[in-house]
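Peer 1: Dropping a structure here in structure tokens format, bear with me for questions.
Coordinate-derived values only; no laboratory data. These figures come from a predicted structure and were not determined experimentally. Counting neighbours? That spans all protein chains shown, and the Cβs are built from the backbone with ideal geometry, glycine included.
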Amino acid sequence: VLFRSVIQMLRESRTSENFNEVKIELLDNEHVVASKFVLAARSEYFAGLFRFSNNSNLEGDSGQIVVNIPCSKKIMILLLDCLYGDEINYETLDVLECLEYMEILRMMMFEKAYNSLKDYVFHELNFN
């Protein structure tokens, strides 16, 4: 019960301006915000980015940390859903979105999620 409430609080924190100090700029001229703590705790990619980059190099005009990620907002939201503990439903994605998501998962070293999505795409292409 406690574990579920912690996960629920993490999910709810995504909409709070107070806890989302990272602005993620995306390819489609959109952006999303996220918690540096959650990003670093759940992703080696982000942990390394924050650890090895001088945060002043990543800081934008508003004092937020600004990171550029080469994907669309839809794909980044799926990735954040995964990082914040939500289940991902691949059935909402078309083939091109699956490929884009696979590339981001590969880039960020999410091997388990990458392999799961790869298996899903392979299965869908073979049976449709």
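Peer 1: What angle, in degrees between 0 and 90 and rounded to the nearest 10, separates the Cα long axis of helix 73-83 from the longest principal axis of the Cα atoms of the chain?
Peer 2: That helix lies at roughly 80 degrees to the long axis.
Peer 1: Can I ask one more? Roughly how large, in nm² to one decimal, is the mean projection of the convex hull of the alpha-carbon atoms in the chain?
Peer 2: 8.8
Peer 1: On to the next question. Report the calculated FRET efficiency for GLU103 and PHE19 (r = Cβ-Cβ distance, R0 = 30 Å), to the nearest 0.05.
Peer 2: E between GLU103 and PHE19, to the nearest 0.05, is 0.60.
Peer 1: Taking the alpha-carbon distance from LYS73 and a cut-off under 20 Å, which lysines remain once sequence neighbours fewer than 8 residues away in the same chain are dropped?
Peer 2: LYS23, LYS36
Peer 1: Also: Grab the beta carbon distance between LYS118 and LYS73, set R0 = 22 Å, and tell me the FRET efficiency rounded to 0.05.
Peer 2: 0.45
Peer 1: When only Cα pairs under 8 Å and 6 or more residues apart are kept, what is the percent relative contact order across the chain?
Peer 2: 23
Peer 1: Using only DSSP helix segments of four residues or longer, with each worth -39500 (n - 2.57), what per-residue ellipticity at 222 nm results for the chain after dividing by its residue count and rounding to 500?
Peer 2: -17000 deg cm²/dmol
Peer 1: Search the structure for amide H atoms under 5 Å from the amide H of CYS71, placed 1.01 Å from N in the peptide plane, and list their residues when 5 or more places away or on another chain.
Peer 2: Under 5 Å from the amide H of CYS71: LEU27.
Peer 1: Rounded to the nearest 0.05, what FRET efficiency do VAL6 and LEU27 have when you use their Cβ-Cβ distance and R0 = 30 Å?
Peer 2: On the way: r = 32 Å, r/R0 = 1.08.
After rounding to 0.05, the efficiency reads 0.40.
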